[in-house]
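Take a look at the structure below.
Rule-based calculations on the coordinates, nothing more; no lab input. The model shown is predicted, which means the values in this text are computed figures rather than measured ones. Ideal geometry is used to build each Cβ from the backbone, glycine not excepted, and the neighbour counts take in all protein chains shown.
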Amino acid sequence: MNVNELTNVTIGGICTADYPDFVDAYIESADDMSGNPLSDEQLEALTDDNPEFVQAQAHDEIMGWV
């Protein structure tokens, strides 16, 4: 799944003590491009396969950009 097609992405596990790595961050919820919520298995796979995306989203969230 392409992370650029996700909407309503929520990142969990953000610990500011981990800045800038956010090693515990994960995709908590997201919808696909049709608006369907992703399953827990899909969220886990996306988190595992896209660490740069998760880190960028976590950074944006703590900066208030999301």
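Tabulated values for the structure
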| item | result |
| --- | --- |
| Matching residues, the range 5-38, being closer than 15 Å to A56 by Cβ and among the hydroxyl-bearing types (S, T, Y) | T10, Y19, Y26 |
| The listed residue being of a type in the set (D, E, K, R) and touching a helix residue (DSSP H, G or I) at 6+ places or on another chain (Cβ under 7 Å), out of D18, D24 | D24 |
| Candidate set: the range 1-35, residues that are under 13 Å from the mean Cα position of the chain (by Cα), in contact (Cβ under 8 Å) with a residue 24 or more places away in the chain and assigned to a helix (DSSP H, G or I); chosen: the one surrounded by the fewest Cβ atoms within 10 Å (Cβ to Cβ) | E5 |
| Scope the range 1-23; condition closer than 19 Å to E41 by Cβ and acidic (D, E); matching residues | E5 |
| Some residue of the range 36-45 being surrounded by 11 or more Cβ atoms within 10 Å (Cβ to Cβ) and hydroxyl-bearing (S, T, Y) | no |
